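Peer 1: Below: one structure in structure tokens.
The values are calculated or read from the model by the stated rules, or taken from the named source; none is laboratory data. It should be emphasised that the depicted structure is a prediction, and the values quoted were computed from it without experimental measurement. Just the protein is used for accessible areas: all its heavy atoms, side chains included, with ligands, DNA and RNA removed. Shrake-Rupley method; radii C 1.70, N 1.55, O 1.52, S 1.80 Å.
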Amino acid sequence: MKKSVLLLLIFIPALILTFSCKEKKSEQETPPQPELAKQTEKTEIQKTPRLAAARIGEVNFDEAKINPSEFISDKFKNDIIHDFSKLHLIGFSADGKIAFIESRQLEGVGAEQVIFFVQDLVSDDILEKIDGQGEEGAEGAFMHFLKKNGSAIDSALEKHGIKKSPCKYEKFPYNDKDREITVSVSVSDTGKLQYDFLRIIDYSCIASNEAGKKKVLRAKKDAVLENAFVCGFIKNPFENRLAVVIAEEKYGFEGFDILYSFSGCDIYKGF
């Protein structure tokens with residue numbers, strides 16, 4: 001009897017120890033559960049800081065203002081009589097959109113027209129437009145426009161994921177590491193006139209890379225314009241795309257005016 005009790009006392013602890021070891025090994029070999037992995041991944045994503053949408057009140061418009069004609073070739077500058085437009089960059093999105101304000105003095109009217117735009121630089125489509133319709137008197141018109149339309153502008157910036165961006169207006173060519181981009185405008189006279197004196201042209205805006213490959217950024221046919229030329233660019237800091245400023249010389253109230261617009265140029269694709 002004593003011998004049986006002694007054997008049990010030896011056998012039972014050994015059995016418990018064996019099961020305990022197996023249980024620990026099983027825990028070590030158990031792969032992480034999918035749900036736990038998802039939670040961990042979600043936590044990591046939440047740790048990544050996200051830039052807040054731009055707000056119109058945060059933009060320093062003195063720093064954001066560009067003079068689009070700054071880099072126009074001298075041979076064209078001599079022909080420009082009226083250059084009343086200024087562009088004010090608000091920012092870019094990571095998916096190729098730009099937000100900006102154009103301010104333009106209306107010749108012969110004594111007013112300033114202020115227009116807010118959100119443009120898709122992939123398709124060049126205008127997605128949002130708020131037009132001040134010509135505020136009376138140029139002085140103070142810009143700030144009046146911002147105060148009147150600030151809430152609607154902020155909503156548009158948030159809707160399209162626009163982030164406040166530094167305004168670095170540059171002259172072509174664009175250079176970065178292994179990439180060089182130049183942009184030029186080719187103009188063809190159609191020989192046609194509107195009202196017997198307004199020139200009608202075809203023009204193409206063409207980008208070329210360091211390998212000599214080209215792509216067309218914009219093409220217009222039968223445009224009632226005196227001329228068209230490329231000005232400069234702003235690089236989107238959130239993706240590999242340039243916002244190219246193009247000027248069109250168009251007959252206005254008291255002669256030819258210069259109208260500015262953007263076309264998008266992906267630095268790597270499309271060549």
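Peer 1: Can you tell me the length gained on complete extension of the stretch LEU106 to LEU127, counting 0.36 nm per residue apart and subtracting the Cα distance?
Peer 2: Full extension of this stretch gives 5.1 nm more.
Peer 1: Among rounded, prolate and oblate, which fits segment 114-221 when a ≥ b ≥ c are the square roots of the eigenvalues of its C-alpha gyration tensor, a/c under 1.5 means rounded, and a/b larger than b/c means prolate?
Peer 2: It comes out oblate by the Cα gyration axes.
Peer 1: Could you pull out every residue, at least 5 positions away or on a different chain, whose amide H is within less than 5 Å of the one on ILE90? Hs are placed 1.01 Å off N in the peptide plane, and Pro or chain starts have none.
Peer 2: Counting only residues 5 or more places away or on other chains, the set is ALA99, PHE100, ILE101.
Peer 1: What whole-number value in Å² describes the accessible area per residue of segment 101-237 for a 1.4 Å probe?
Peer 2: Roughly 53 Å² per residue, with all protein chains present.
Peer 1: So, one more: Going by amide H atoms built from the backbone, whose H comes under 5 Å of the H on ASN227, apart from near neighbours?
Peer 2: Answer set, sorted by chain and number: GLU249.
Peer 1: Of all accessible surface on segment 109-215 at a 1.4 Å probe, what whole percent is carbon and sulfur?
Peer 2: Here it works out to 47 percent.
Peer 1: What list of ³J(HN,Hα) couplings, whole Hz, do you get for segment 87-102 from phi and the Karplus terms 6.51, -1.76, 1.60, once you set θ to phi - 60° and write x for glycine and proline?
Peer 2: Coupling constants for segment 87-102: 10, 10, 7, 9, x, 10, 10, 6, 10, x, 10, 10, 10, 7, 10, 9 Hz.
Peer 1: Considering only C-alpha atoms, what is the centroid distance from segment 188-208 to segment 223-271, in Å?
Peer 2: 16
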